[in-house]
Every structure is written in structure tokens, then in C-alpha cells.
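One structure is given here, and the rest of the page talks about it.
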Amino acid sequence: MSLAHNRFIVATTTSFGSGALLLFLIFCLAASLRGRRRLGGLPTVGPSGIFAFPLGMLVAFFYGHRLVEEGYKKFPVFKLPRYFSWMIVVNGPQYLEDIRKATDDQLSFLAFLNEASQFEYTIGPEIMTDTYHNNVVRGPMTRNIGSRFSDLIDEVDKAMGDILKGASEDWTGLPCHKSVLHIISRISTRFFVGPMLSSNAKYTDIMQKWAVHVAVTGFAIRPLPACLKPMVSRAVFDIKEKTREVEAYIRPILAERLEKSAENDNNDDSNDMIAWLWNAAPAERRNVHDISLRLIFLNVTAIHTTSALLTHVLFNLATYNEYVEPLREEIFHAVQKEGWNKVSMDKMRKLDSFIKESHRLHGGEAVGVVRKAMKDFTFSDGTFIPKGSNLGVASRALNHDERYYPNPKEFQGFRFSDKDPLKWQMTALNPEFMTFGAGRHACPGRFFAVAEVKMVVARILLDYDIKLTDEKAGRPKEKWIAGLFVVPDTNARISLKKRALV
Ligand code: HEM
């Protein structure tokens, strides 16, 4: 390559770089002016001065959670710069109540979700135009946790067998998050589509790849103009091709069921997500393609959230070993009295509290109950939110507020165990704890998620001792993604050792 050629490349790259920088600054200026004009009355957290918006956006990208914490201490309502626009954050029960009461055409969760994850490009527009799958999760899926319990426990044991293959009676070190992802993938797949696919590593692998794709591609294409989004999304992960891969697994299962049900006077006794979706789907959506898309969507929402929670719980069990014996005792007595079923899981109040405390201290996004204003919206104190704004509640700062949680930085595993379960058990919706959101869009999968975590922990505690592999390093620290989303350390290891039978 000649020198002139090199110079040409450097010049082109430099002018492309300056062009991109100029475009970035223009976008920032437009967002900043728009914010000043429409949200001028709201205080801002982050840098001030002439480059406040671009600098603020960068600071929020890395340390958004700290800005939200700062805003929470200073203001009832404030804004912070995000992706060439503003995120409005509100604090306090009355604001939450107003959000809870707002209709979907005033404040929309779906529109926010679609903007954040770009579902119409990363999975398919069908997911956003018809959300019947939410009712399936709320209804038949949740109702059947009890009736499918023995399958789920069986799957926990199989998944544990996979990850502890060849383990001796000595300590076995495991990559905690990776192992948890495997266990949760298997349990969810067993519940959703049955044992043939839960033991099929190719299927669970495809589903895990989908989850990564939605998070990464969704984030990357978000700032692009709409005309470029499908092209870029397709280049990163060909959703048509990848959906066909899932369809190839679902098609024979569905075909066999339809055949059986035709022979059997339209009676099909299948009891899994495929059946629940099929029964709930409007006629035009009763096809392999649509059912596969819903399965993909539900996998994406279910697996990483639950895996993060379980990872935090295992890190805490391994760190605060003094909780192991009292938990074991509770689990042992509940199972001895009720057996391995949903009733015994519901009775494990100490375990429930331990899970909730793990989430309070380590999990939880910086801003929760996120919504998009579909029209101008006025809170009951007169705070005006213009159409198109994104807003949410400083849910994590609330979880660390000593007015609600004495010694908030301290892990107190049984903090909630003697409190009113209607308000304080893990699945309860409570304006002082918004892990699962609030109102009509509160997470419908929470009962399943908590049951899964309890099952795995109960099985582990009765069969194994647990410790951090690197005890000197202490409890693995959580990491922040894009400033507002927290994830457990995905490299840290825990060690398990089979308990001696007494
Ligand atoms: C620990 C695990 C989980 C956490 C922390 C979690 C959290 C959340 C949150 C915060 C929301 C939004 C609520 C709102 O803004 O008001 C949500 C919605 C949702 N979650 Fe979960 N989730 C978890 C597990 C699951 C599971 C296992 C499923 C099952 C399939 C699921 C399915 C859904 C669905 C379908 C929605 C949308 C509801 C709607 O649009 O009305 N989630 N989740």
C-alpha cells in the first residue's frame, strides 16, 4: 500500500470522525434545547455549563445510578440526559400512585420497552402489536406452577447434575453466573416446552443467544434513524433465520399435538407454554411462527432477570455462611411437613426474606416503573410531563433509603421474615419496593421467578455446603451497564461440596 493511499485512508477516517463528532454535537444540542424548552422547570443532575448535555450523557452512561442517587436526595422530580433525550425521574408515593393509575394511552410501558429494546426490530413487530402472551403468563402459566412442580424439581436436579458432573466429595469450584444461567434456562425451557427441549443444549443455547442479541442489538440500533434499524439489526443477527431455527423445534411438537387432539375429539391435555399460548391466541395468530416469537420473547424476559437474582442469592449464601443453618432448618421442616411442592416453598419465609434482601441490596435497576408519555401528562402536584418524555421512579435509591430500611448498606438476610407477607414477601407489590414494578404492568412472571429461585436454593442447601471460591476477595461486586442497569459479577466463582449424610 502506498504512502498516498495511507494518507487518503487517514484523511478519510479523520473527516469521517469529525463528521460523526459534529453529528453527535448537533444531536446533543438539539436534545439540550428541546429539554430546556419543554422541561425547563425541572432540575437536572450531572454536569452544568456549555457542554452540559454531551458531558452529562457520557457521565450518565457510566455512572447514571450515582446521578439518580444524587437526584433522589435533592429533588422530588429531576431529569438526567440519556441517548440524546431526557429521562425524568420522580420520587415519592403520590407520583407512583399517579403512574399506577395512568392508562396505557397516557403513560405506556410497552412503548418505553419497545424504544429501549427495539423489540419490533430485534424480535418482530407482532410482539408489540398484540401482547396476549402477558395474559398467558398472568393466567395459566402462574396457575400451573403448582401442578408442574415435580417436573420443575426434576429439571433442577438434572441441571445440577450437568454442572457438577464428575464432582467428588471435595469442594468443586463453579462459575456461578454461567452455572445459574444453565439451571434457569433448563427449568424455564422445561416449563415452557417440555423435557425434550430442556435437555437439548442446542435449543437452550439458541434461546440464550436471543437474549444477548436483544440486549446488545437493541442498545446499538436505538439511536439510528428508523430506515436503518432493520438493516443493521439483520446484519448483526438475522432474526428471520434465527426464528426459523426455533420454529424447526416447535413445529413437530405442535403438529403432533394437533394430530392427537384431532383424533381425540379436540381434547389436548398438554400443559405447557405452547399449549397455553395456543389456547389464548386469536385465530390469526395460531401458527408456529407466532407461537415461536412469543416463546422467544418470554425467554428473553425470563432467563436473565431470574439468573441475576439467583446469582446474587448464591453469592450471599456463600459470603454470609451464618444464614445457611437456619435456612436449612426452615427448608427441611417445610419439606418434611408438606413435601416438595409449591405449598412448602410458600412457607419458607426466611428464604423468601433472604432472596428479597439480596435483591434489595445488590439487584434492581437504578430507575424502575419506566413509562413513555403518549400525550402530555400532569402529575397530581401539577408537575407537567410533555408528550414523548420517558420517565421512571428511583427504585434502587428507595431500596437504599434508611427511612425505609434501617442500616440500608448492611445485608440483613432475615430483614423481612417477620413482616406482613401481604406487603413484604418477595412477590408482593409495594410502593416501597418496586423490584417487579407497579400497577397493571407489574411483572406477571414474578411468582414463577421466585418459585424457581427457592427450588434451586432449597435443593442446593439440603445437598451441599457452599462457599466463595476466592474467600479473600470477599463478596463479588455487581457491575453497571449503561449506567442504570446492574448485573452480578459474571466471572466470580462459588464452590459446592456434597454434604456428608448423617
Ligand atoms: C427475578 C426475575 C424478574 C424480575 C426482576 C422481573 C422484573 C420485571 C419488571 C420490573 C417488569 C416491568 C414492571 C413495571 O414496569 O411495572 C417486568 C415485566 C414483565 N415480566 Fe418480569 N421479571 C422477572 C422475571 C420474569 C419471568 C420469569 C417472566 C416469565 C415469563 C417475566 C415476564 C414478564 C412480562 C411478560 C412482563 C411484561 C408485563 C406487561 O407488559 O404487562 N418476568 N418484569
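The values are calculated or read from the model by the stated rules, or taken from the named source; none is laboratory data. A quick note: this is a predicted structure, and the numbers were derived from the prediction, not measured. As a convention, Cβ positions derive from the backbone with ideal geometry for all residues, glycine included, and neighbour counts pool all protein chains shown. With ligands, DNA and RNA removed, areas are computed over all heavy atoms of the protein, side chains included. Shrake-Rupley method; radii C 1.70, N 1.55, O 1.52, S 1.80 Å.
Applying the criteria of a DSSP loop state and at most 15 other Cβ atoms within 10 Å to the GluC sites (Glu not before Pro) of the stretch 401-485 yields Glu402, Glu410, Glu432. Per-residue SASA remark: Asp420, around 80 Å² accessible (1.4 Å probe; ligands, DNA and RNA not included).
Among Leu96, Phe416, Phe53, whose Cα sits farthest toward the positive end of the charge dipole of the chain (+1 at Cβ of Lys/Arg, -1 at Cβ of Asp/Glu, about the Cα centre)? My answer, from the dipole projection, is Phe53. Computed from backbone phi with θ = phi - 60° and the Karplus coefficients 6.51, -1.76 and 1.60, the 3J(HN,Hα) list for the stretch 210-218 is 4, 4, 5, 4, 4, 5, 6, 5, x Hz; x is used for glycine and proline.
Averaging Cα coordinates gives a centre for the stretch 391-413 and one for the stretch 94-121; these two points are 24 Å apart. Measuring how big the stretch 83-498 is from its alpha-carbon positions, Rg and Dmax come out at 21.6, 65 Å. Along the axis of the charge dipole computed for the chain (Cβ charges of +1 for Lys and Arg, -1 for Asp and Glu, origin at the Cα centre), the listed residues Thr378, Ser307, Met426 are led at the positive end by Thr378.
Overall shape of the stretch 303-410 was characterised from the C-alpha gyration tensor. The equivalent ellipsoid obtained from it has semi-axes of 37, 17, 13 Å, in decreasing order. Counting only alpha carbon atoms, the long axis of helix 239-263 and the longest principal axis of the chain meet at about 40°. Structure note, pairs Lys409/Lys498; Lys165/Lys497; Lys178/Lys497: Cα-Cα distances above 24 angstrom occur for Lys409/Lys498. Annotation: amide H-H contacts under 5 Å for Ile494 (H modelled 1.01 Å from N, sequence separation of 5 or more, or interchain): Leu174, Cys176, Thr469.
Mean sequence separation of contacting Cα pairs (under 8 Å, at least six apart), scaled by the length of the stretch 83-498, corresponds to a relative contact order of 27 percent.
Based on the convex hull around the alpha carbon atoms, the stretch 214-307 presents an average projected area of 7.7 nm². Rounded to the nearest 20, the size of the Cβ-charge dipole of the stretch 70-203 about its Cα centre is 240 debye, with Lys and Arg at +1 and Asp and Glu at -1.
Anisotropy class assigned to the stretch 66-116 is oblate, per the alpha carbon gyration tensor with a/c at or over the 1.5 cut-off and a/b no larger than b/c. Residues Leu39, Leu422, Leu429, ordered by accessible area of protein heavy atoms at a 1.4 angstrom probe radius and largest first, appear as Leu422, Leu429, Leu39.
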